[in-house]
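What follows is one structure encoded as structure tokens, with my remarks underneath.
The values are calculated or read from the model by the stated rules, or taken from the named source; none is laboratory data. Note that the structure is predicted; figures quoted are calculated from it, not measured. So basically every Cβ, Gly included, is an ideal-geometry build from the backbone, and we count neighbours across all protein chains shown.
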């Protein structure tokens, strides 16, 4: 079968609207955990990097456990909609709870307060991962096929970028001083609550999804971690290893990004460069996403990874122009579009390929493994690499306050380069699995 170009399956307006709305709402909620909790802790409680590193690692473990449990539940029940809707509502409520954290505390209470924030973050991450990473991502696998998954996963990968823009432009000013953090958390928490309510009217489970009566619940929970299943579906895991390298690279600098721009670079008005990066990377990734669905993913792995590496190196070169705002903005926008655009495309490549290899009826059960390799390990590896880099460079102000260094992006370039290894194997197999799935679809 010739697969050089195929007609892609159309989702229709209602399905695309649901993908975009719930993908965006979920990422608006996640951006609080991924970026603003770090800023909240660094600016108001503990500026040293250890608190952020511990928080990121433990919340990732909580989110992974939730996805393993929640994904298996979705398969057992044969339902995704109810888990998504109720999960989003509880997710928002748990985010609002951060508005009640006291910021007027004595120095000897600092460690206890850091511990409280980390525990609350883990609870919020558990709920959010059940709703979004388990149920919503299972639903996406249900309604897609090999001819449109690249584009869908690219669009979903754009959602964190779009969420960043929405939050930065609309609410970031509330985080400039400690007085308005409560309002920030209340407003951000309201977003997934509204989303969960909307879901009862917008979402619909795919008609082919059935309740599983043949296997026990706990069998589904541990299904994707069995050695026999790994051996039988090895390419699925190779795809996730590629996404792991991409995710780990992003995690090297993501949690420190706001303070890097504001404090290390001294740029406080970054709305215009942010818009350029968001729009530029979104346009680039959507164009490439359409092409890889039409012509096959195998042509795009190597070029995308190379562009990601080059873009990260360009951002690292900010080190040599600190203080020259014109040159800094040029490097941020140029390198930022390359890094972010390539990262979005890599999500469409590796995660789209991952969905192609999932056995029918096990869509939810593999979401836990997706979370383990795509989220948990990157959130352990990335901050670990970041902590090593920050300590090694030891960039500080004259009064001893830490500054997050441009070397974080150089470290990110090294990490993402490892994706070339799984890309080699996925590239070799992509044409065969694509031909098989298209033949099944046409029969």
- Condition check for residue 189: buried (at least 18 other Cβ atoms within 10 Å of the Cβ), in contact with a helix residue (DSSP H, G or I) (Cβ under 8 Å, 6 or more places away or on another chain) and in a helix (DSSP H, G or I): yes
- Task: Taking residue 211 as the residue in question, decide whether it is on the phi < 0 side of the Ramachandran plot, modelled with pLDDT of 90 or more and either surrounded by 18 or more Cβ atoms within 10 Å (Cβ to Cβ) or over 23 Å from the mean Cα position of the chain (by Cα) (or both).
- Result: no
- Specify which of the listed residues (211, 263) is outside any helix (DSSP H, G or I) and farther than 24 Å from residue 422 by Cβ. 211
- Message: Residue under question is residue 59, and the condition is that it be under 21 Å from the mean Cα position of the chain (by Cα), closer than 30 Å to residue 105 by Cβ, in a helix (DSSP H, G or I) and modelled with pLDDT under 80; does it hold?
- Response: no
- Message: Only one of 292, 333, 346, 328 is under 20 Å from residue 141 (Cα atoms), at pLDDT 90 or above and part of a helix (DSSP H, G or I). Can you tell me which?
- Response: 346
- Output for the range 46-68, where each listed residue is closer than 21 Å to residue 189 by Cβ and surrounded by fewer than 19 Cβ atoms within 10 Å (Cβ to Cβ): 58
- Task: Could you check residue 172 against (1) within 30 Å of residue 277 (Cα to Cα); (2) surrounded by fewer than 23 Cβ atoms within 10 Å (Cβ to Cβ); (3) modelled with pLDDT under 90; (4) touching a helix residue (DSSP H, G or I) at 6+ places or on another chain (Cβ under 7 Å) and say which number it fails?
- Result: (4)
- On the given criteria, is residue 159 under 16 Å from the mean Cα position of the chain (by Cα) and either closer than 27 Å to residue 271 by Cβ or surrounded by fewer than 19 Cβ atoms within 10 Å (Cβ to Cβ) (or both)? yes
- Using the structure shown, decide if residue 152 is over 26 Å from residue 61 (Cβ atoms) and in a helix (DSSP H, G or I). yes
- Query: Which residues, counting only those in the range 78-93, are touching a residue at least 40 places away in the same chain (Cβ under 8 Å), out of contact with any helix residue (DSSP H, G or I) (no Cβ under 7 Å at 6 or more places or on another chain) and surrounded by fewer than 17 Cβ atoms within 10 Å (Cβ to Cβ)?
  - Reply: 78
- When you look at residue 51, is it within 30 Å of residue 207 (Cβ to Cβ) and part of a helix (DSSP H, G or I), yes or no? no
- Query: Which of the residues belonging to the range 114-153 are within 25 Å of residue 284 (Cβ to Cβ) and without any contact (Cβ under 8 Å) to a residue 60 or more places away in the chain?
  - Reply: none
- Residue hits (the range 94-116; loosely packed, with under 12 Cβ neighbours inside 10 Å and over 30 Å from the mean Cα position of the chain (by Cα)) are 104, 106, 107, 108
- Among the residues of the range 103-147, the number that are at pLDDT below 85 and over 23 Å from residue 16 (Cα atoms) is 8
